[in-house]
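Before any comments, here is the structure.
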Amino acid sequence: MKTIAFIPVRGGSKSIPLKNIKSFCGQPLVYWTTKAAQDTPEIDEVIIATDSNDIKNTVLGFNFSKLKVYIRSSENAGDISSTESVIFEYLNSVVLNPSDKFILIQATTPFLLASDLSGGIQRLKQSNKDSLLSCASVKRFFWDKSGQPLNYDYKNRPRRQDFEGTFIENGAFYINSIANILENQNRLSGKIEVYEMPEYTMTEIDEPDDWAYAEYLMKKHVLAKNQKPIKLFLSDVDGVLTDAGMYYSENGDELKKFNTHDGKGFELLRKANIKTGIITSENTKIVERRAEKLKVDFLYQGREHGGKLESAKIICKKLGITLGEVAYIGDDVNCHELLSNVGLAACPKNATNKIKGIPNIVLLERNGGDGAFREFVELFLEDIQ
């Protein structure tokens, strides 16, 4: 018997075009629920059901070992198509054990964690019930249109701290057996168990106005818990502080084009008492002079591939900090190792696909040489203020 996580992600969203791969807290929206499923030990396969090649290519770029893509029919990917319709399409197209567990996950609930999925699986097993859904506990007073209270006695209004509240379906995940789903033609059936999640998880991303608020909640409740304070900000040069172009004068002198907005970014970090540094594979006087003007604390040139990570470790040792307290922005394969090991990683919009696929990397809106470093700095400083 195995457990399958199933995440439907269609490409035809009207309210937010291609919202499932729109950047949310530095990653495509679908990344967060997919990662939660990938990191859940009890889950054997993660199925992304999509009708979009853009979504297919994006999720395959995550390089998650459990992930498979199922191409759903256009008939079951329309505006009025139900989630159940694509579930039945998939279950009728593959050979599975009827006793296999099936977990429906909605990509528009990025607050879902692997611990929630594991907890839900264990809760259902211990309860001996047939299916399970996730809910948020809401301490609000509900009424119907006829003026009748639904969850409390208004004559004896309870204090919030004494009020048990009401469960509201948050849409994060549903667990059932394949046999039950096919027999009852529904994601839930029989005796149903509830798995409780925090109140903020009921926030779904269906309209543009939901987006900024959901990112705020994600940073406050999820990402902040896993991130150490950043004490060192490092940057690559070509493709980050420059546009990666090679310019030559008539005399054959090599030139580079830097962006003054990035220079202000280094100044902002200094004012915030954050150490700065440049680690680059090239070794030129141009970079040396630029680093001097930027007043960076550390400059390491001629560092290719693993040399960048080793240089960062040397700086960390000097400062008495760990790589988890380092932020780094890079754009190409020679930055991959360092980006994969720092506490906060980012890349310009035009970075290579291999770099964009690094888990948790912040995908910036600007290209290298066009203020990408400044954008990264401002995002960082906004979060710590």
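Every number in this text was worked out from the coordinates using simple rules, so none of it is lab data. If you're wondering where the values come from, they're calculated on a predicted model, not measured in any experiment. All Cβ positions, glycine included, derive from the backbone under ideal geometry; neighbour counts span all protein chains shown.
One table, with the values for the structure above:
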{"read-out": "Overall form of the stretch 37-96 per C-alpha gyration tensor (a/c, 1.5; a/b vs b/c)", "value": "oblate"}
{"read-out": "Mean Cα-pair separation over length for the chain, i.e. relative contact order, pairs under 8 Å, 6 or more apart, %", "value": "15"}
{"read-out": "Lysines with Cα under 25 Å of LYS22, excluding same-chain neighbours fewer than 8 positions away", "value": "LYS14, LYS35, LYS56, LYS66, LYS68, LYS219, LYS220, LYS225, LYS349, LYS354, LYS356"}
{"read-out": "Distant-in-sequence amide H partners of ASP51 (H built 1.01 Å from N, under 5 Å)", "value": "GLY11, ARG72"}
{"read-out": "Local net charge near HIS221, Cβ-Cβ under 12 Å (Lys/Arg +1, Asp/Glu -1)", "value": "+1"}
{"read-out": "Cα centroid separation - the stretch 154-180 against the stretch 39-60, whole Å", "value": "29"}
{"read-out": "Karplus 3J(HN,Hα) series, Hz, for the stretch 210-218 with 6.51 cos²θ - 1.76 cosθ + 1.60 (x for Gly, Pro)", "value": "6, 5, 4, 5, 5, 5, 4, 5, 4"}
{"read-out": "Cut-off 13 Å between beta-carbons: net charge of the residues surrounding THR50, Lys and Arg +1, Asp and Glu -1", "value": "+2"}
{"read-out": "About the Cα centre, charge dipole magnitude for the stretch 3-215 (Lys/Arg +1, Asp/Glu -1 at Cβ), debye", "value": "300"}
{"read-out": "Label-reachable residues, the stretch 268-302, where backbone N falls under 15 Å from a point 7 Å from ILE314's Cα toward its Cβ", "value": "277-284, 297-302"}
{"read-out": "Built amide H within the under 5 Å cut-off of ALA244, gap 5+", "value": "GLY239"}
{"read-out": "Calculated from backbone phi, Karplus (6.51, -1.76, 1.60) coupling profile of the stretch 185-192 in Hz, x at Gly/Pro", "value": "6, 7, 5, 10, 6, x, 7, 10"}
{"read-out": "Euclidean distance of C-alpha centroids, the stretch 312-359 and the stretch 241-274, integer Å", "value": "19"}
{"read-out": "Segments 49-56, 150-157, 61-68 sorted - mean Cβ within 10 Å per residue, highest first", "value": "49-56, 61-68, 150-157"}
{"read-out": "Within the chain, helix-based [θ] at 222 nm, where runs of 4 or more DSSP H residues each add -39,500 (n - 2.57), nearest 500", "value": "-8500 deg cm²/dmol"}
{"read-out": "Added length on full extension, which subtracts the Cα-Cα distance from 0.36 nm per residue, ASN92 to SER74", "value": "4.9 nm"}
{"read-out": "Order by protection proxy (mean Cβ within 10 Å, highest first), peptides 258-264, 160-166", "value": "258-264, 160-166"}
{"read-out": "Distance in nm between pseudo-label sites at SER127 and ASN63 (7 Å out along the Cβ direction from Cα)", "value": "3.8"}
{"read-out": "Cα-centre dipole for the stretch 232-384 with unit charges at Cβ (Lys and Arg positive, Asp and Glu negative), debye to 20", "value": "440"}
{"read-out": "In the stretch 118-170, lysine pairs with alpha-carbon atoms under 29 angstrom apart (chain gap of 8 or more, or interchain)", "value": "4"}
{"read-out": "Under the Karplus curve 6.51 cos²θ - 1.76 cosθ + 1.60, θ = phi - 60°, whole-Hz ³J(HN,Hα) for the stretch 254-269, x wherever Gly or Pro sits", "value": "7, 10, 9, 9, 9, 10, 5, 4, 5, x, 5, x, 4, 5, 4, 5"}
{"read-out": "By average C-beta atoms within 10 angstrom, highest first, the peptides 209-220, 337-348", "value": "337-348, 209-220"}
{"read-out": "Amide H contacts of ASN170 (H built 1.01 Å from N, under 5 Å, at least 5 apart or other chain)", "value": "CYS135, ALA136"}
{"read-out": "Global geometry of the stretch 232-384, whether rounded, prolate or oblate, following the gyration tensor of its Cα atoms and the 1.5 cut on a/c", "value": "rounded"}
{"read-out": "C-alpha center-to-center spacing [the stretch 104-121, the stretch 65-100] in angstrom", "value": "19"}
{"read-out": "Shape category assigned to the chain from the gyration tensor of Cα positions, a/c cut at 1.5", "value": "prolate"}
{"read-out": "Cβ-placed point charges (K, R +1; D, E -1), dipole of the stretch 190-317 about Cα centre in debye, nearest 20", "value": "1040"}
